[in-house]
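One structure is given here, and the rest of the page talks about it.
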Amino acid sequence: MSSGQSRGRSDRFIDLRSDTYNLPTQAMLARLGSAVEGSRIGGAEEHTLELERAVSALTSKEAALFLPTCSAANLLALMALANPAENVVVDADSHIRWLEANSASVTGGVQLVPVPRAGSVVDPVALVDFAERSSHFGLPPLGLICVENSHNNAGGTVATRSDMKRVSSMARKYGARVHIDGARIFNAAARLDAEVSELCAPATTVALSLNKSLGAPYGAVLAGPGDVIAKARNLRGQLGIASIHQEGLFATMALEALETNMEDPRLDNHEAEKLARSLTRHFASELAVQTPQTNIILFDVLADLTAAEFSRELETRGVLAKPRSVTRSVRLVLNRGSRQHDLARVTEAFAGVLGR
């Protein structure tokens, strides 16, 4: 097993449910061991500071804050950037709206305003319409616009440099700021052949995961201006994460991922494209497969099976997938663990489910 492989991986299943299930590589575990055995004046927390400085440099932001998850990073960004009762515009399909338990409103006191999506960002026409109407009727101001890059529910589509510039321009017009939910921003950067800092430049803050694209076992980072990050750091206590004991040990593995796994998102994107082509070629009449931009493949089952039934049948054949609805939609996510398998097995499993 090479230093880039994960220990404990089962050969029984090809797990395509998510890119959050990556196990630590041997290199990560070796670095963890060195951190445990090493003597540093500042203790394990010194590793956290080292990671935060590295992400600050990567994103070209003034400061950064290590956190358990991207959801926590998104929530702290909204709490730090938007005042209570201010309107925060999100696209209607966004992770912040659908998968973060309405925490921005409940905990942060901000009002999430869902607007239609155009591609991977909020529709500019709908955004202008809301901003103008809210101003006319004396509603609380537009404080923040959120962008998700890449976009989970849209099948991993990316917000381009021009998308971001357009959103930033609209934000300036209405005195708002911009936050990027960049849980998979490394995949977006790989797709666009761009530096991460280029995609972050038009935004005030960015939340990025070191677990998904880069395969660390734990951790996300919020990056932005020094005063905003200082405020977010102080707000952590309201989320019950003011102090995460020995978090520096997790930071060592995340730092290893950041330093050595930057090519992984490009490989994941490439394998997703290959797998989608294979599924389309073999099962065009039974599946409606979206062409992926990054590492997420969405498809609808056209055969007489629900998404849950199809996924259960796949599991009996050694492939794990995630139903996205009670009807037909299923998601596959390519990741470092799945790339250690021969993905021809996935096509074979699909053939078995579809009676080929």
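Please go through the range 220-244 and give me each residue that is of a type in the set (Gly, Ala, Ser), at pLDDT below 95 and out of contact with any Lys or Arg (no Cβ under 7 Å at 6 or more places or on another chain), ordered by number.
First, the residues of the range 220-244 that are of a type in the set (Gly, Ala, Ser): 220, 223-224, 226, 230, 232, 237, 240, 242-243.
Narrowing the set further to residues that are at pLDDT below 95 leaves 237, 240, 242-243.
Gly237, Gly240, Ser243, listed by residue number.
Could you list, in sequence order, all residues of the range 304-343 that are in contact (Cβ under 8 Å) with a residue 24 or more places away in the chain and in a strand (DSSP E or B)?
Within the range 304-343, Val319, Leu320, Lys322, Ser329, Val330, Arg331, Leu332, Val333 meet the criteria.
Of all helices (runs of 4 or more DSSP H) completely enclosed by the range 104-196, which ones contain at least 2 residues that are in contact (Cβ under 8 Å) with a residue 60 or more places away in the chain and in contact with a helix residue (DSSP H, G or I) (Cβ under 7 Å, 6 or more places away or on another chain)?
185-192
Checking Ala92 against (1) closer than 16 Å to Asn152 by Cα; (2) out of contact with any Asp or Glu (no Cβ under 8 Å at 6 or more places or on another chain); (3) buried (at least 24 other Cβ atoms within 10 Å of the Cβ), only one condition comes out false. Which one?
(3)
Checking the condition open to solvent by 20 Å² or more (accessible area, probe 1.4 Å), at pLDDT 95 or above and under 28 Å from Val36 (Cβ atoms), which residue from Glu247, Glu195, Glu256 passes?
Exactly one of Glu247, Glu195, Glu256 is open to solvent by 20 Å² or more (accessible area, probe 1.4 Å), at pLDDT 95 or above and under 28 Å from Val36 (Cβ atoms), namely Glu256.
Restricting the search to the range 271-309, which residues are crowded, with 16+ Cβ neighbours inside 10 Å and within 20 Å of Thr160 (Cα to Cα)?
The answer is Ala272, Glu273, Gln290, Pro292, Gln293, Thr294, Asn295, Ile296, Ile297.
Can you tell me how many residues in the range 1-59 are in contact with an Asp or Glu (Cβ under 8 Å, 6 or more places away or on another chain), open to solvent by less than 60 Å² (accessible area, probe 1.4 Å) and at pLDDT below 90?
Qualifying residue count, the range 1-59: 1.
Condition test on Thr160, is it of a type in the set (Ser, Thr, Tyr), more than 13 Å from the chain's Cα centre (by Cα) and surrounded by 24 or more Cβ atoms within 10 Å (Cβ to Cβ)? Before the answer, list the steps.
Working: of a type in the set (Ser, Thr, Tyr): yes; more than 13 Å from the chain's Cα centre (by Cα): yes; surrounded by 24 or more Cβ atoms within 10 Å (Cβ to Cβ): no.
No.
Does Ala101 fit the bill of being without any contact (Cβ under 8 Å) to a residue 12 or more places away in the chain and in a loop (DSSP other than H, G, I, E, B)?
yes
State yes or no: is Asn87 under 17 Å from the mean Cα position of the chain (by Cα) and surrounded by 16 or more Cβ atoms within 10 Å (Cβ to Cβ)?
Spelling it out, it is not the case that Asn87 is under 17 Å from the mean Cα position of the chain (by Cα) and surrounded by 16 or more Cβ atoms within 10 Å (Cβ to Cβ).
Of the residues Ala321, Ala349, only one is farther than 25 Å from Gly215 by Cα, open to solvent by less than 40 Å² (accessible area, probe 1.4 Å) and at pLDDT 95 or above; which?
Exactly one residue qualifies, and that residue is Ala349.
Taking Leu314 as meeting all but one of (1) at pLDDT 95 or above; (2) under 24 Å from Arg184 (Cβ atoms); (3) open to solvent by 80 Å² or more (accessible area, probe 1.4 Å), write down the number of the exception.
(3)
Has the range 120-131 got at least one residue that is open to solvent by less than 10 Å² (accessible area, probe 1.4 Å), polar (S, T, N, Q) and in contact with a Ser or Thr (Cβ under 8 Å, 6 or more places away or on another chain)?
Yes, there is a match, as at least one residue in the range 120-131 is open to solvent by less than 10 Å² (accessible area, probe 1.4 Å), polar (S, T, N, Q) and in contact with a Ser or Thr (Cβ under 8 Å, 6 or more places away or on another chain).
The values are calculated or read from the model by the stated rules, or taken from the named source; none is laboratory data. Bear in mind the structure is a predicted one, so any value in this text is a computation, not a measurement. Reconstructed Cβ throughout: ideal geometry from the backbone, glycine too, with neighbour counts over all protein chains shown. In case anyone asks, the SASA skips ligands and DNA or RNA and just uses the protein heavy atoms, side chains included. Shrake-Rupley method; radii C 1.70, N 1.55, O 1.52, S 1.80 Å.
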